[in-house]
Each structure stands twice: as structure tokens, then as C-alpha cells.
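Have a look at the structure below, then the notes.
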Amino acid sequence: MKTGLRPSVAFAACCTILVLAFFMGSARAEDIVVSAQIGGDSQRTRFVAFVSKAVEFRAFSMANPYRIVIDMPETDIQVPGAKGRGLILSSRSGLLAPGKSRIVIDLAAPALIEKAELLPPENDLPARLVIDLARTTHKTFFASAKTPPPTPKPDEQQSAAAKPDAGDRRPLIVIDPGHGGIDAGAVGRVTNTLEKDIVFDFCRKLATKLEATTRYRILLTRTSDVFVSLDDRAAIAVKAQADLLISIHADALDPKRLGVKALKEVRGGTIYTLSEEASDEQANVIAQNENKVDVQAGVENEQTTPVVSEEIASILNDLENRIKRNRSASLAHYLIDHMKGKMKFNIRPQRSANFRVLKAHGVPAVLIELGYLSNEDDEKLLISEEWREAIASALGEAVNAFMAERQAHIPL
Ligand SMILES: [Zn+2]
């Protein structure tokens, strides 16, 4: 949608009062604490985000589910806190691709952008992006909604340092730090630490350990805090003809779905492989959480991203992928066996489900949930630098031992 549509006078007046009250909350300029805000009700809602500089932006709506997406050049953005209000359920922001930032607003009901403007910095306030939303019908929303614009391909996102040397014949291991950029992943219940930061640090440590053996080429699917879609992560491994894909996560269980008691009880690491049917309900829930991140980042719609069991079955049943399936399962088993003395595992440590990122054709692949950010004891470990260092070291040794045994049996 183009910016600058005529706002409703009544709405503008209501929201001016809201913003003034907010900005005049303190008498002294140095005491003014600014934070992004949401105001209004279920018919009209104003969204105010802070941005580090005045930039050109583009705002548009997306359906399935209802979202408003705002794209702009790379900028530091502060969006309102987790709790929604009125027409807004939640919002998030971050890097979508190098040089490109995005805000995604999840809507509670269909709504149109009545006004979208970026106010320049003034009186100690940073630049503000103001979006006025008005409730509309499903039909009108669908008529205005866009299909997602294409995101830059992984090749453009990879830094030169991350590219393996094509002439190098050593086995290639792709390490995939989950989430990134606008997709923060799970959030620690106690410390609010983000999954994307924990797993990125862990993967860099793991890469350093494996590189130190000089036996492997290592490729990271992201080398900064940037969004990479699940299919692009799998494509990086396929294109590079990787020998292994190791995806690292630290998810959280939803207390509304499983109850607070489960959060206290369910902890420890789990290693997942791809399967058409989930091994159990919990594996299914975790896979659904991980698979919806592209929708949350505003790069896909739900209806374009089904991961159906028939699709997975056909992927897994050709000859090349039967080998993939067997190697993935034996890697998962091997890693648990070699790490169980050093790392706390879940009561049922090896599971399977239809994780989109594990679909990399022909590439043995495992997804490791290091622990649950919904569990306080796990969170303490996950945020500890020493723990991450020790577990990355243990995982590096186990991967190295697995590859050495495999090479002893199957000469390259
Ligand atoms: Zn995750």
C-alpha cells in the first residue's frame, strides 16, 4: 500500500492525544523514557515504532494469516513489547537480508493501513514510524493483500568467508544456526535471552572446533544476525553437496498448550531427524513451531508452506534419500551415545518429525534442540558461555568420531 492515505479525523485526534500523553509523561526532557507503543481499540489501532534514522519505507498487508509488513533499508528498530492491543496481536523487527530491515505486525483481525508515515527526529525523540490501522472486512483485506516480495537468495547473503573452496575435497559440514534477523526464535522465560543469539554463538563455537581438526570444510547458513528462510537453508546444503547438515535450536514449549507443569518437567537436549509422521506429539509441536518462522517473517503465506506427509514420504523413499534417512538416524543415535555423559538429554532424546529445514535432498541431516528455553534449569545452561563452549566441544568431538568411523568403512 502507498503511504499518505487520508486518515480519519476522529482517529487522528484520538491518537494525537494518546501520543501527546505518552510524550508528556515527564516534566524534564532528560527523564523522558521513550518506547515504542500501541494505542487504540479493536476498531482503530495506532502502532508507533522507533527507528534510528529517517528512511524511505514501504508498508503492505499480507493474508494467511493477517499481517502488516513494513520494509526499509537496514535500520535499528524498536517495536512495541510482546503484548498486543486492539487490532495488533504482536510485532517483531530485525534484519531480513543484508541492507534490508523489516517490521511484521500480526493482526488480530483484518485491518487496512489508513496512514503510514515516518516522523523525523525532534526534541530528543528518535524518528518514529506511525501506522494507523482500521478494521475492515475479510473481503477488502484480501483484495489489498500482497504476495510476499522475493527475498534475496542465500548466495547473495553468504559472505565470501563463508564460501567453501570448490577445489577442496575434504568432507563438507553445513552448520545451521536456527532463526536470525527478524526471526528471534524462542525467548528465555527468565532472562528473555533470544534463541537466535544462543544458537548463533553455539554454532560459531562448533565451527571453530571442527575447523581446528583441519579435516572438514565448514559452511554456516548464516554468518550474522540475518533472516534466512528454511528452504534456503536446505538449499545451501544441497547446492554445496554437503556431507552433513547440523541444524541447531533451543526451542520452548507453550504453557497454554502443555501446561506450566510440563515446562518444569520437560528439559534436556533432543536430536531430531526427518520423518513423514512425527514420532510423538511433542516432536510434532516442535516441528510446527520451527516450520512457521517463514510465515512470521512475512516471506510466505501459510497456504503456500504446507509440509505434508506425502511430500516428505516421496522425498525419503527414493534411493538417494533412503541412504540419507539411514545416515541421519545413525548420526542422531551416535551423537546421543557419545554425548550423554557430557550433556543432559531429554527423557526421549531421539525423535523425528517433518522439519522443513531437514528436507535437504540427499544430505544426511539432524536438528539438535540443545534444550528448552521454557525450562528454567535448561535456560541457565543455555545462557552460560562455559556450557555452550563445553557442549560445542563435545558435539564437535562426537561429529568428528562419527565421520572418522564412516570414512574408515566407506573410503572416499
Ligand atoms: Zn528454533
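The values are calculated or read from the model by the stated rules, or taken from the named source; none is laboratory data. Everything numeric in this text was worked out from a predicted model, so none of it was measured. Cβ atoms come from the backbone with ideal geometry, glycine included; neighbour counts cover every protein chain shown. Keep in mind that these areas ignore ligands, DNA and RNA; they rest on the heavy atoms of the full protein, side chains included. Shrake-Rupley method; radii C 1.70, N 1.55, O 1.52, S 1.80 Å.
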| query | Does the range 327-349 include one or more residues that are under 27 Å from Gln241 (Cβ atoms), within 16 Å of the ligand (Cβ to nearest atom) and modelled with pLDDT of 95 or more? | reply | no
| query | Which numbered condition trips up Lys264, out of (1) in contact (Cβ under 8 Å) with a residue 40 or more places away in the chain; (2) within 16 Å of the ligand (Cβ to nearest atom); (3) among the charged types (D, E, K, R)? | reply | (2)
| Where residues in the range 38-81 are part of a loop (DSSP other than H, G, I, E, B) and more than 28 Å from Phe142 (Cβ to Cβ), which of them is modelled with the lowest pLDDT? | Gly81
| query | Within the range 105-143, can you find the residues that are without any contact (Cβ under 8 Å) to a residue 60 or more places away in the chain, outside any strand (DSSP E or B) and not polar (S, T, N, Q)? | reply | Pro110, His138, Lys139, Ala143
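Which of the residues that make up the range 255-293 are hydroxyl-bearing (Ser, Thr, Tyr) and open to solvent by 30 Å² or more (accessible area, probe 1.4 Å)? I'd like the intermediate steps shown before the answer.
Residues of the range 255-293 that are hydroxyl-bearing (Ser, Thr, Tyr), as a first pass: 270, 272-273, 275, 279.
Listed by number, the list holds a single entry, Ser279.
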| request: Quick one: count up the residues across the range 355-412 that are open to solvent by less than 50 Å² (accessible area, probe 1.4 Å) and part of a loop (DSSP other than H, G, I, E, B). | output: 12
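Given the residues Lys139, Lys196, Lys146, which is the only one that is of a type in the set (Lys, Arg) and modelled with pLDDT under 85? Before the answer, list the steps.
Values: Lys139 fails: modelled with pLDDT under 85; Lys196 fails: modelled with pLDDT under 85.
Residue meeting the stated conditions: Lys146.
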| task | Please list, ordered by first then second residue, the pairs with beta carbon atoms under 7 Å, 6 or more apart or interchain, first in the range 196-220 and free of Cβ contacts under 8 Å to residues at least 12 places away in the same chain, second open to solvent by less than 80 Å² (accessible area, probe 1.4 Å) and more than 16 Å from the ligand (Cβ to nearest atom). | result | Glu211/Ile218
| query | Does Asn326 count as surrounded by fewer than 19 Cβ atoms within 10 Å (Cβ to Cβ) and without any contact (Cβ under 8 Å) to a residue 24 or more places away in the chain? | reply | yes
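Tell me which residues, restricted to the range 213-231, are basic (Lys, Arg) and away from the ligand (no atom under 16 Å from the Cβ). Explain how you work it out, then say what you get.
Initially, the range 213-231 is screened for residues basic (Lys, Arg), giving 215, 217, 222.
Passing the criteria: Arg215, Arg217.
Pick out the one residue from Ala252, Ala242, Ala234 that is in a loop (DSSP other than H, G, I, E, B), crowded, with 19+ Cβ neighbours inside 10 Å and within 16 Å of the ligand (Cβ to nearest atom).
Working: Ala242 fails: within 16 Å of the ligand (Cβ to nearest atom); Ala234 fails: in a loop (DSSP other than H, G, I, E, B).
Residue meeting the stated conditions: Ala252.
Identify, please: which residue in the range 207-231 is of a type in the set (D, E, K, R) and part of a loop (DSSP other than H, G, I, E, B) and is, among those, surrounded by the most Cβ atoms within 10 Å (Cβ to Cβ)?
Arg222
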| message | Need the failing condition index for Asn284 against (1) modelled with pLDDT under 95; (2) part of a strand (DSSP E or B), just the number. | response | (2)
| Of all residues in the range 279-293, which are away from the ligand (no atom under 12 Å from the Cβ) and in contact with a strand residue (DSSP E or B) (Cβ under 8 Å, 6 or more places away or on another chain)? | Ser279, Asp280, Gln282, Ala283, Asn284
